[in-house]
């Protein structure tokens, strides 16, 4: 039986009750198929331990048709880069990240009968750690009092990954139009992965 609460105290203090898998799938089944594309963005403002995020990712992963490990890995990273979550409980965000990594490894293993290269798994984790944020969506702050921000990702064919970081308040204020990034980053997470064995 799946658990829907961690403790009575957390229910009392935070109203924390996880959505059961059946309800998650029933709700996501109401979304038209074209709304679950690889690059379609989702934000779960109170993500709990990731029930919605993981199910959305599974549906995105199912759309990957690439037959070679390198292209498959890039598409898998694009899926992960398109889901975001915020939760007021830090342990929930860490559990969500772990579940994202496990789902990515499982989908890759199903496609290629082996786990992905450690650098690919590392890249999945690093993206997830930036996309799943400990904070409060209502106040727009992280758990340590900084402004909530989100990364927009660009996967490059050479294995480099670029991101632009945006403040949530700017995105809301400008309705996402013309919002300027707070900063830009370039990562070289995949550059030493052999394209044949990703």
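The values are calculated or read from the model by the stated rules, or taken from the named source; none is laboratory data. In this text the structure is predicted, and so the values were computed from the model without any measurement. Don't worry about glycine lacking a Cβ; one is built from the backbone with ideal geometry, like all the others, and counts go over all protein chains shown.
Laid out as a table, the results:
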{"read-out": "Residue ID - nearest to residue 49 (Cα to Cα), chosen from residues in region 85-99 that are surrounded by fewer than 21 Cβ atoms within 10 Å (Cβ to Cβ) and within 13 Å of the chain's Cα centre (by Cα)", "value": "95"}
{"read-out": "Filter result (assigned to a helix (DSSP H, G or I) and in contact (Cβ under 8 Å) with a residue 40 or more places away in the chain) within region 62-90", "value": "69, 70, 72, 73, 74, 76, 77, 78, 79, 80, 81, 90"}
{"read-out": "So residue 179, is it over 15 Å from the mean Cα position of the chain (by Cα), part of a loop (DSSP other than H, G, I, E, B), closer than 19 Å to residue 84 by Cα and at pLDDT below 95", "value": "yes"}
{"read-out": "Given (1) at pLDDT below 95; (2) within 24 Å of residue 187 (Cα to Cα); (3) touching a strand residue (DSSP E or B) at 6+ places or on another chain (Cβ under 8 Å), index of the condition residue 68 fails", "value": "(3)"}
{"read-out": "Meets criteria (modelled with pLDDT under 95, in contact with a strand residue (DSSP E or B) (Cβ under 6 Å, 6 or more places away or on another chain) and under 30 Å from residue 158 (Cβ atoms)) for residue 84", "value": "no"}
{"read-out": "Within region 182-195, considering residues that are assigned to a loop (DSSP other than H, G, I, E, B) and touching a helix residue (DSSP H, G or I) at 6+ places or on another chain (Cβ under 9 Å), the one modelled with the highest pLDDT", "value": "182"}
{"read-out": "Residue 58 in a loop (DSSP other than H, G, I, E, B) and more than 11 Å from the chain's Cα centre (by Cα)", "value": "no"}
{"read-out": "Any hit, region 32-40, residues being surrounded by 19 or more Cβ atoms within 10 Å (Cβ to Cβ) and either modelled with pLDDT of 95 or more or touching a helix residue (DSSP H, G or I) at 6+ places or on another chain (Cβ under 9 Å) (or both)", "value": "no"}
{"read-out": "Flag for residue 24 being modelled with pLDDT under 80, within 18 Å of the chain's Cα centre (by Cα) and over 25 Å from residue 112 (Cβ atoms)", "value": "yes"}
{"read-out": "Failed condition for residue 152, given (1) touching a strand residue (DSSP E or B) at 6+ places or on another chain (Cβ under 7 Å); (2) surrounded by fewer than 18 Cβ atoms within 10 Å (Cβ to Cβ); (3) modelled with pLDDT of 95 or more", "value": "(3)"}
{"read-out": "Test: residue in region 158-172 that is at pLDDT below 90, part of a loop (DSSP other than H, G, I, E, B) and in contact with a strand residue (DSSP E or B) (Cβ under 8 Å, 6 or more places away or on another chain)", "value": "yes"}
{"read-out": "Top-ranked residue in region 132-141 [being in contact with a helix residue (DSSP H, G or I) (Cβ under 7 Å, 6 or more places away or on another chain) and modelled with pLDDT of 95 or more; ranked as nearest to residue 153 (Cα to Cα)]", "value": "132"}
